[in-house]
Structures are given as structure tokens and as C-alpha cells.
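Notes follow once the structure below has been shown.
The values are calculated or read from the model by the stated rules, or taken from the named source; none is laboratory data. Predicted model only: the values in this text are computed from it and were never measured. Positions of Cβ are backbone-derived with ideal geometry, glycine not excepted, and every protein chain shown enters the neighbour counts. SASA here: full protein model, heavy atoms, side chains in, ligands and nucleic acids out. Shrake-Rupley method; radii C 1.70, N 1.55, O 1.52, S 1.80 Å.
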Amino acid sequence: MTGTVEYLELEAPADDFDEPALSRIARYVATANRVTQDFWGDDSRDTTVDEILASMRHQEDEVVRRFLVVEDGRDVGRSVAALNTEEGSSVAYVSAWVVPDARGHGLGRAIAEHTERIAIELGATTLQAWADHRAPVEGDAAVSPVSGHGSVAADAAARLAVAMGYALEQVERISELDVEAARGSLEQHRADAAAKAGDAYEARSWSGRTPPELRDGMAALHARMATDVPSAGLDTDDEHWDAARLERTERELEEAGQSILQAAAVHRATGEVVAFTVLLVPAEGRPATQEDTLVHADHRGHRLGMLVKAENLLQLGRLHPDRSRVVTWNAEENRPMLAVNEALGFTPVGAEGGWQKRVSPAG
């Protein structure tokens, strides 16, 4: 690092004409997109100003601090630290990015150390960073997680994480679906899953916010995402979800320009929502993203994961026929969900590493 580095914190604009705040956010977004475009080779993983604005205006459930990093007057990186607002939360998400032409002289480590300090100020005692990596090919140096499932290439991001004391706890497979190629088999997948589920379950799907009669059940399943999905050795904070939090989350997604497609399985005997899945469809023709999917532990073994996923992908085809790709992430040890995705036609395109480091609390 050879120049003077500044960390310019983003602030929520006072209104739609708060030009200093809006300009800084736009610069932050452009800087972040330079990094993702360099890694992925296209703009499919771009962030938008609307997405950042929506997050900044809704911090009831998570406090997020973002910084634009400037070196000698040039935008060279971005920093993020986030922590749940639940009392007792101690696990922070941290992220430090450097644009391609500013790498190689210590800036990445400097931004990472700054981000750690911010996270500790927020009250974190565990830091978790999620980084995109190539999946290693034969002959590559690789890093394997503590869990023993999967691996990532020992690239610059991996080397920096190891040097700073982080352990690779989990690897998530990044997969992509060619929607047109999968379309012909979706009806059969849904029919087969529905036959296995039998009359005990009803499949529901909708676009937009959750219907009032399903909100409590959907909120309960979202809460289980913190405890029921495979997390390897990653620390987790409990999350309280209720209908109000679900509504806040869905409102934020809408303000971010995301269309929400959801499908759920309802247990007819009890009326309980026992499985769900969410697809987000961003603006500007980018790929849809397959977000949370969960089957309640008491109702597994009935192919409900396949049922809700096939149902939602069919809904995507009806409502957004322009979307040719869907991107998703799954823990490498989550064999049941990987099997569902593989049957649907998802293929691996990369890996995401879940890195963890425990630290002393502030003070």
C-alpha cells in the first residue's frame, strides 16, 4: 500500500435529492460491480443502487455498516460489516473487496483489518466472511474445510483469509440452471413429487408478499433456517421471526427492485406450513436467484423439497419467461438438497467459502 487510504462510510439519504449521499452510494455500487464482473466475467452478479438503498433504509433486524475505500482520490474497494440486532448476537458478516487494478500491494489486508475493527465495535466475537472461489481442478492447490466436504482453490482470497487466522468451515456449491433446458421436465418433477407427498400436503405458490393466512407459518420456517440447515462448524445466532419481520423483509426486497416468487407445502391435517422456497427476480434481465429452501424436520422424506422447487420454477416460467438462468448456493454436505437441484438440472459453476475467526470482544 503506497498512498493515503480513506474509508468513507455510506449514509442513508435524507431524501431522493440528497446528492452527496446518493453519489457515494453510486460510487460504492460501481466499485463492487468491478469486482464481481472481474470474477464472473459478466454483469450477472451486479448490485444496484436500489438494493443498497433498501438495505440502508431497513436496519430493524440487522445493522450494516458499509464503506467506500478511496486511495489517493481513486475508488479502490469496499468494506462491509453486519450484525443481527437480536440481543446477544455475536456473529458478524465481514467482507473486504479490492478492484483488480489496485491489488498486490497490501490494500486487501488493510481493508479486511478495518472491517474487523468495525465488526468488533458492533459487538462481534465471531467474524464470518463468505468469498467466491473457483472450484479446484486437478493440479490446483486447494483448501479443504474443517467439515471435510468440498474444497476451494487456494487463490488470493483464500491465502489472505488463512494468513489472517480464518478457518475454512464450509464450502457452498454455486450452481446454475438453464431454465429453457429444464422446462420440459419440470411438470414431471412436480407430478412425481406430488404423488410421493400424497393427499397429506397441498402445494401453494404466489408472487409478491406472503398471503396473510400463511405469514405466521412462513415466519416460523424462516426462523428455523438459522438452526436446521447444515452449518458445519460455523457459529450461528438465533433469529426471532414473526409475521411483522417477514413483512419487513418482503417490503425491503420489493423496494430493492426484486420480484418475489414463493412456493410452500401445507400440511392439510394441521394447516401448518412445513416447506417453502423463495426465488428472487431482479430487474434488468439478470439471473433469478434461488434463495432459502427448507423442509421442516418432522416432514422430511416426502419429496416436499422437490415439490416446492418445481412448483416455483414453473411459476418463474409463467411470470418471467425472459429469465434464462437461475443461480443457487448449497452446502456441499447438504446431499439431499444437492440431489434435488441436480435432478432439476443445476450444474456447478463455482464455490463459495465460509471462513470463520473468533476474536476478543471490544474493550
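Of note:
- The set of residues from the range 149-161 being open to solvent by 60 Å² or more (accessible area, probe 1.4 Å) and closer than 26 Å to Pro336 by Cβ comprises just one member, His149.
- Condition check for Glu60: more than 22 Å from the chain's Cα centre (by Cα) and in a loop (DSSP other than H, G, I, E, B): no
- Considering only residues in the range 43-57 that are of a type in the set (A, V, I, L, M) and over 22 Å from Gln128 (Cα atoms), the one that is nearest to the chain's Cα centre (by Cα) turns out to be Ala54.
- Residues in the range 85-126 that are of a type in the set (D, E, K, R) and within 15 Å of Ala158 (Cα to Cα) were compared, and the one that is least open to solvent (accessible area, probe 1.4 Å) is Arg109.
- Residue that is nearest to Met218 (Cα to Cα) [pool: residues in the range 284-309 that are among the small types (Gly, Ala, Ser) and open to solvent by less than 20 Å² (accessible area, probe 1.4 Å)]: Gly305
- Scanning the range 330-360 for residues that are in a helix (DSSP H, G or I) and crowded, with 19+ Cβ neighbours inside 10 Å gives Met337, Val340, Asn341, Leu344.
- Here the range 310-319 is the region considered, the condition is being farther than 9 Å from Leu279 by Cβ and not acidic (Asp, Glu), and the residue that is least open to solvent (accessible area, probe 1.4 Å) is Ala310.
- Only one entry of Pro287, Pro336 meets the criterion of being within 26 Å of Phe39 (Cα to Cα) and touching a residue at least 12 places away in the same chain (Cβ under 8 Å), and that entry is Pro287.
- Residues of the range 318-339 satisfying the condition of being touching a strand residue (DSSP E or B) at 6+ places or on another chain (Cβ under 9 Å) and over 18 Å from Ala297 (Cα atoms): Leu319, His320, Arg323, Ser324, Arg325, Val326, Val327, Thr328, Trp329, Glu332
- Which numbered condition Ala119 fails, given (1) touching a strand residue (DSSP E or B) at 6+ places or on another chain (Cβ under 7 Å); (2) within 30 Å of Leu319 (Cα to Cα); (3) at pLDDT 95 or above: (2)
- Wholly enclosed helices (runs of 4 or more DSSP H) of the range 162-270 bearing at least 1 residues closer than 25 Å to Arg325 by Cα, without any contact (Cβ under 8 Å) to a residue 12 or more places away in the chain and open to solvent by 40 Å² or more (accessible area, probe 1.4 Å): 179-197
- Contact map, the range 91-107: first residue outside any strand (DSSP E or B), second residue open to solvent by 10 Å² or more (accessible area, probe 1.4 Å) and hydrophobic (A, V, I, L, M, F, W, C), Cβ cut-off under 8 Å, separation 6 or more or different chains; pairs are Val99/Val35; Pro100/Val35; Arg103/Ala156; His105/Met1; Gly106/Met1; Leu107/Met1; Leu107/Val5; Leu107/Val98.
- The set of residues from the range 63-82 being of a type outside the set (Lys, Arg), more than 15 Å from the chain's Cα centre (by Cα) and in a strand (DSSP E or B) comprises Val63, Phe67, Leu68, Val69, Val70, Glu71, Asp75, Val76, Gly77, Ser79.
- Inside the range 15-64, residues that are without any contact (Cβ under 8 Å) to a residue 12 or more places away in the chain and farther than 24 Å from Pro287 by Cβ make up a count of 8.
- Single unsatisfied condition, His222 versus (1) under 30 Å from Ala124 (Cβ atoms); (2) touching a Lys or Arg at 6+ places or on another chain (Cβ under 7 Å): (2)
- In the range 127-141, residue nearest to Lys357 (Cα to Cα) [restricted to those that are surrounded by fewer than 17 Cβ atoms within 10 Å (Cβ to Cβ) and not acidic (Asp, Glu)]: Trp130
- Qualifying residue in the range 9-21 (condition: aromatic (Phe, Trp, Tyr) and open to solvent by 30 Å² or more (accessible area, probe 1.4 Å)): yes
- Within the range 27-45, considering residues that are charged (D, E, K, R) and modelled with pLDDT under 95, the one most open to solvent (accessible area, probe 1.4 Å): Asp43
- Applying the set (1) open to solvent by 10 Å² or more (accessible area, probe 1.4 Å); (2) of a type outside the set (Ser, Thr, Tyr); (3) not in a helix (DSSP H, G or I) to Val274 leaves exactly one unmet item: (1).
- In the range 343-363, the residues that are among the polar types (S, T, N, Q) reach residues that are not in a strand (DSSP E or B) with C-beta atoms within less than 6 angstrom, at least six apart or across chains, in these pairs: Gln356/Leu234.
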